[in-house]
Every structure is written in C-alpha cells, then in structure tokens.
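This report refers to the structure that appears directly beneath it.
The values are calculated or read from the model by the stated rules, or taken from the named source; none is laboratory data. Nothing here was measured: the structure is a model prediction, and the numbers come from that model. Because the Cβ atoms are built from the backbone with ideal geometry, glycine has one as well, and the counts that use them run over all protein chains shown. The accessibility values were calculated without ligands, DNA or RNA, using every heavy atom of the protein model including side chains. Shrake-Rupley method; radii C 1.70, N 1.55, O 1.52, S 1.80 Å.
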There are 2 protein chains.
Amino acid sequence: MLSHVEENYLKEIYGLQEATLRGVSTNSIAEKMQTKASSVTDMLQRLSNKDLVVYTKYKGSRLSEKGRLMAISIVRKHRLWETFLVEKLNFLWDEVHDIAEQLEHIKSDKLIKKLEAFLGNPKFDPHGHPIPNSNGQINKLNSVSLAEFKIKEEGVFVGVKDSSDSFLKYLNKMNIAIGDTLKLLYIEPFDNSFLISANTRQFNISENVAKNLYLRSE
Amino acid sequence: MLSHVEENYLKEIYGLQEATLRGVSTNSIAEKMQTKASSVTDMLQRLSNKDLVVYTKYKGSRLSEKGRLMAISIVRKHRLWETFLVEKLNFLWDEVHDIAEQLEHIKSDKLIKKLEAFLGNPKFDPHGHPIPNSNGQINKLNSVSLAEFKIKEEGVFVGVKDSSDSFLKYLNKMNIAIGDTLKLLYIEPFDNSFLISANTRQFNISENVAKNLYLRSE
DNA sequence: ATTAATTTTTAGATTAACCTAAAAATATAT
DNA sequence: ATATATTTTTAGGTTAATCTAAAAATTAAT
C-alpha cells in the first residue's frame with residue numbers, strides 16, 4: 001500500500017507528464033512538490049523499485065502503466081470529493097482544493113463507489129475537470145482555451161485550466177461562472193487584453209486569464 | 001499541528017482514562033495501539049512535551065485539559081463521519097469503523113461544521129454513541145447495560161458498548177437493532193445466559209453480549 | 001570543443017515512529 | 001522482607017521522508 005507522500009508524487013508526476021511526451025524532469029517535480037531535487041531523486045528511486053515509475057538517471061521519469069492507473073485513481077478521488085464538498089456541503093469552488101487534497105488519500109474502494117453513486121455519477125468536478133471512471137478512463141473534454149478564439153466567436157465556459165484559489169477567487173469577483181456564455185469581442189493589440197461579453201455586460205481580461213478559461217464553442 | 005499517530009494516541013488514552021480515575025498504564029495504551037510499550041513511552045514523552053499528556057515515569061498518564069479537548073474533537077469527527085457513512089452513503093453499521101478511523105484525521109474545522117449541519121446536527125452516531133459538540137461537551141446518555149436489568153424489566157436498545165465489527169455483525173445476524181424494545185425474561189443460572197423477548201420473538205444471549213447492550217428503561 | 005552553467009545525483013544528517021534487548025522500578029508472593 | 005514476577009523505561013537500531021553540501025552528468029555558450 002502506498003503512503004500519502006508516494007501518492008502525491010504519483011499525482012504530480014501524472015500532471016506533469018500529461019503536458020509532455022518526454023521524461024518529466026526531477027526539478028519540475030521538486031517545484032510541484034515544494035521540495036528539494038535531492039528528495040525527489042530519493043523518491044523516484046523508491047517508486048522505480050516499486051515499478052510505479054520508469055526512471056533513468058539524469059534522463060527524467062515517466063509513470064509505468066501501474067503508476068499511471070494509481071495516479072488516475074487519486075485524481076478520481078480528488079475530483080469526486082471536490083464535487084461532494086461543493087454539491088452537498090455548499091463549499092465554494094475556491095475552498096475545496098486543500099480539503100480534497102486530504103480526502104483523496106482515504107483508502108476504501110467501496111467508499112468511493114458509494115460516494116460516486118450518492119453524487120449521481122457526476123462526469124465533471126466543480127472546476128469543469130473530467131472525473132475518471134473506476135477503470136481509469138477519462139472523458140477528454142472537447143473544449144478550447146478562450147485565448148484561441150477568433151473575434152466574434154462565442155462559447156460556453158466549461159472549465160478552468162489552473163484551479164488555484166487565487167484564480168478562482170478572481171473569477172468569483174468578476175462574476176464569471178461555469179455555464180456562462182462568453183463572446184470574444186476584441187483583442188487590444190497594445191497589451192493583448194481581451195474584451196469579452198457575457199449576457200448584457202462587458203469586461204476586460206488579460207491574455208493570461210483567457211488562457212485559463214476553457215470553452216465549448218459551436 | 002498533530003500527526004495522525006499523535007491523534008490516535010490521544011484518542012485511545014481518552015478512551016482508557018474515561019474508564020478509571022487513576023493513571024492510564026503504558027501497557028494498556030500499547031495494547032490498544034497494537035504496539036510495544038517502549039514505543040508508547042517514546043510517544044508519552046513527546047505528548048508530555050507538547051503539554052497534551054500529564055506523564056510521570058512509572059506512574060501512568062492522564063490527558064491534560066488541552067489533550068482531552070483534542071481527543072474529544074477527534075471522537076467528534078469520527079462519530080460524525082460514521083453517521084455520514086451510514087445515513088448518506090448507506091453503509092451498514094459494522095462497515096464504517098475503519099473508514100471513519102481515516103476520515104477523523106482530516107483537518108478542517110469548516111468541513112466538520114458543514115458536515116454536521118448537512119447531517120441535521122445528529123446527537124448520536126449509528127452505534128448509539130453521543131456526538132460531542134464543537135465545544136467538547138458530550139451528552140452523557142442515561143442508559144444502562146442489559147446485564148444490570150431485573151427480570152421482567154424492559155427498555156429500548158439505544159447503543160452498544162463495544163462497537164467491534166464482530167459484535168455488530170452478531171447483532172445483525174440476531175436481528176437486534178437500535179430502537180428495538182427488549183425485555184429480560186429469565187437468567188439461566190447454569191451459564192448466566194439471558195432469555196430476551198423482542199416484539200413477538202424470543203432468543204438467548206450470553207452475559208457478555210448483555211453487558212455490551214445499553215438500554216434506556218422507564 | 002572546451003569552458004561555464006545548470007541539472008541531477010550522491011553522501012551524510014535529521015526527525016518521527018517504530019523495533020529489540022537490557023536495565024530499572026514497581027508490584028506480588030512466600 | 002526478601003526474592004520473584006511484572007511493568008516500564010532506556011539504549012541503540014531501522015525506515016520513510018526530508019534536508020544541505022558536494023560531486024557528477026548534462027546542456028549551453030563562446
């Protein structure tokens with residue numbers, strides 16, 4: 001059975017390897033885990049001994065199939081718990097991350113199955129991220145970043161890329177919520193800021209914000 | 001902030017000290033914690049340094065007021081989570097202990113407050129044990145063990161003393177559930193077994209089982 | 001293609017939580 | 001009350017997960 005720490009490593013490596021086809025660097029893991037590269041090397045050797053990671057000195061790491069499935073199962077638990085916290089306990093979407101970070105390590109397959117049923121088998125978590133099924137399959141959401149929209153294109157806001165507290169709080173303040181229909185009106189050439197309309201109102205967002213908003217168009 | 005292990009020690013010491021006015025022995029803690037006496041001594045010294053336990057070498061230990069409140073808060077979380085598992089996720093009462101043992105360590109006051117409200121501020125858990133309030137106050141339940149009943153006395157079964165899997169499964173099998181009205185008909189002098197009636201049916205239980213059933217009479 | 005910079009690994013320590021074996025304190029029994 | 005048994009503590013060691021500092025490998029730059 002894996003420790004909380006091992007599970008966290010798997011989860012972070014999974015997140016990193018999804019963004020690249022090459023090996024995940026030791027330093028990038030250290031940054032995500034808020035720890036030192038030397039600690040990461042230690043852990044990689046341990047995970048490699050357990051056949052959860054394919055690790056070659058100085059060459060970066062990838063999860064083994066076994067490791068990938070473990071990582072996805074943690075992501076699954078995380079997202080189900082986040083959904084529970086928001087849907088059932090009325091937490092706001094920017095409050096749930098740290099708590100789900102703890103809950104994701106609770107060990108009980110039966111619990112997760114029952115939780116999922118209790119929530120009505122949700123397919124997406126409160127941030128619009130797909131919830132893997134119990135076989136580790138993930139519904140890739142066919143959405144695209146607002147930063148890639150053309151002028152006058154519109155779409156429904158279905159999820160964030162980055163779900164940090166600060167970004168979610170910003171969206172709260174701007175009154176932008178999942179389900180809103182957003183339309184790109186204009187890109188200011190000077191600073192690349194985006195002029196957006198939603199319902200009746202109009203507002204500006206930075207390019208960075210646009211990159212973090214995922215929409216389903218057509 | 002306390003580690004899971006420290007929290008478990010506090011919880012077990014609390015359970016033990018409730019049963020006596022004297023110091024809790026190192027060995028009794030070791031037995032509960034499924035560990036060695038020497039490990040317990042280590043931990044007692046650590047908890048004592050943190051002012052959670054009043055520990056005097058060779059003389060046994062008691063929780064400090066601070067330690068007692070911490071212990072009660074863990075018991076509170078445990079019982080709220082057990083209630084959640086049974087009431088909302090449809091677990092049976094003999095399945096929830098190990099999962100609640102993990103959930104009780106999740107750190108978030110807000111979570112526990114919201115969970116409590118979501119459950120409708122329950123006063124007792126699925127085993128009939130009182131749920132401490134957020135100030136650490138506990139509703140002492142005024143019930144008495146069936147073993148202390150007189151012949152022909154009857155009462156409502158409100159809680160178990162021991163909530164081990166095996167005992168709860170035994171009660172399931174015997175079809176004895178919280179809320180049942182039980183009446184003591186006869187005590188067999190030969191083996192001290194108890195003849196009980198519940199509704200229409202009659203059955204025998206051992207003295208040991210009787211000691212573990214708590215009823216509210218009159 | 002060497003040198004310089006960066007990344008990664010190793011070596012050696014630390015801390016929490018455990019262990020075994022031995023020593024010390026306390027309790028019990030004759 | 002002295003010997004014996006039991007309980008508890010100490011001493012010293014282990015493992016997981018971390019750290020710092022130094023060494024080794026890789027990458028970048030002139």
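Name the single residue that is nearest to the other protein chains (Cβ to nearest Cβ) among those in the stretch A:43-58 being more than 7 Å from DNA strand C (Cβ to nearest atom) and open to solvent by 90 Å² or more (accessible area, probe 1.4 Å).
Checking each candidate, the answer is A:R46.
Go through the stretch A:60-110 and give me each residue that's charged (D, E, K, R), closer than 19 Å to B:L119 by Cβ and either more than 12 Å from chain B (Cβ to nearest Cβ) or in contact with a helix residue (DSSP H, G or I) (Cβ under 9 Å, 6 or more places away or on another chain) (or both).
Hit for the stretch A:60-110 is A:K88, nothing else.
Every residue, every condition in (1) surrounded by 15 or more Cβ atoms within 10 Å (Cβ to Cβ); (2) modelled with pLDDT of 95 or more; (3) at positive phi, yes or no:
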site: A:L171; (1), (2), (3): yes, yes, no
site: A:I178; (1), (2), (3): yes, yes, no
site: A:T181; (1), (2), (3): no, yes, no
site: A:I187; (1), (2), (3): yes, yes, no
site: A:S197; (1), (2), (3): yes, yes, no
site: A:N204; (1), (2), (3): no, yes, no
site: A:N212; (1), (2), (3): yes, yes, no
site: A:L215; (1), (2), (3): yes, yes, no
site: A:E218; (1), (2), (3): no, no, yes
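Condition check ((1) crowded, with 22+ Cβ neighbours inside 10 Å; (2) of a type outside the set (G, A, S)) across all residues:
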{"residue": "A:G23", "(1), (2)": "no, no"}
{"residue": "A:T41", "(1), (2)": "no, yes"}
{"residue": "A:G67", "(1), (2)": "yes, no"}
{"residue": "A:E87", "(1), (2)": "no, yes"}
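Of the numbered conditions (1) surrounded by fewer than 16 Cβ atoms within 10 Å (Cβ to Cβ); (2) more than 30 Å from A:V96 (Cβ to Cβ), B:M33 fails exactly one; give the number of that condition.
For B:M33, the exception is condition (1).
Answer yes or no as to whether A:S28 is small (G, A, S), open to solvent by 60 Å² or more (accessible area, probe 1.4 Å) and within 14 Å of DNA strand D (Cβ to nearest atom).
No, not satisfied.
Any residue in the stretch B:86-114 that is over 17 Å from B:V75 (Cβ atoms) sitting within a Cβ distance under 6 Å of a residue that is assigned to a helix (DSSP H, G or I) and open to solvent by 60 Å² or more (accessible area, probe 1.4 Å)? List the pairs, counting only those 6 or more apart or interchain.
That search, which allows pairs on different chains as well, returns B:D94/B:D165; B:D94/B:K169.
Going by the conditions given, is A:L141 away from chain B (no Cβ under 14 Å), surrounded by 15 or more Cβ atoms within 10 Å (Cβ to Cβ) and on the phi < 0 side of the Ramachandran plot?
Yes; evaluated as a whole, the condition is true for this residue.
For the stretch A:45-64, state whether one or more residues are within 18 Å of the chain's Cα centre (by Cα), away from DNA strand D (no atom under 11 Å from the Cβ) and among the basic types (K, R).
No, the conditions are met nowhere in the stretch A:45-64.
In this structure, is A:K150 within 14 Å of chain B (Cβ to nearest Cβ) and not hydrophobic (A, V, I, L, M, F, W, C)?
No: the conditions fail for A:K150.
Here is a yes/no grid of residues against (1) part of a loop (DSSP other than H, G, I, E, B); (2) hydroxyl-bearing (S, T, Y):
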site	(1), (2)
B:G120	yes, no
B:G128	yes, no
B:N139	yes, no
B:F157	no, no
B:F167	no, no
B:Y170	no, yes
B:G179	yes, no
B:L184	no, no
B:P189	yes, no
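Of everything in the stretch B:181-218 that's polar (S, T, N, Q) and more than 24 Å from B:D125 (Cα to Cα), which residue is nearest to the chain's Cα centre (by Cα)?
So in the stretch B:181-218, the residues polar (S, T, N, Q) come out as B:181, B:192-193, B:197, B:199-200, B:202, B:204, B:206, B:208, B:212, B:217.
Then drop every residue that is not more than 24 Å from B:D125 (Cα to Cα), which leaves B:192-193, B:197, B:199-200, B:202, B:204, B:206.
Working: B:N192: 25, B:S193: 24, B:S197: 26, B:N199: 27, B:T200: 30, B:Q202: 28, B:N204: 25, B:S206: 21 Å.
That would be B:S206.
Only residues that are within 16 Å of the chain's Cα centre (by Cα) and part of a loop (DSSP other than H, G, I, E, B): list them for the stretch A:88-97, please.
Within the stretch A:88-97, A:W93, A:D94, A:E95, A:V96 qualify.
Would you call A:E116 within 24 Å of A:E18 (Cα to Cα) and either in contact with a His (Cβ under 7 Å, 6 or more places away or on another chain) or of a type in the set (D, E, K, R) (or both)?
No.
In the stretch A:14-31, what count of residues is obtained for those that are touching a helix residue (DSSP H, G or I) at 6+ places or on another chain (Cβ under 6 Å) and either over 18 Å from A:R68 (Cβ atoms) or more than 12 Å from DNA strand C (Cβ to nearest atom) (or both)?
Number of matching residues: 4.
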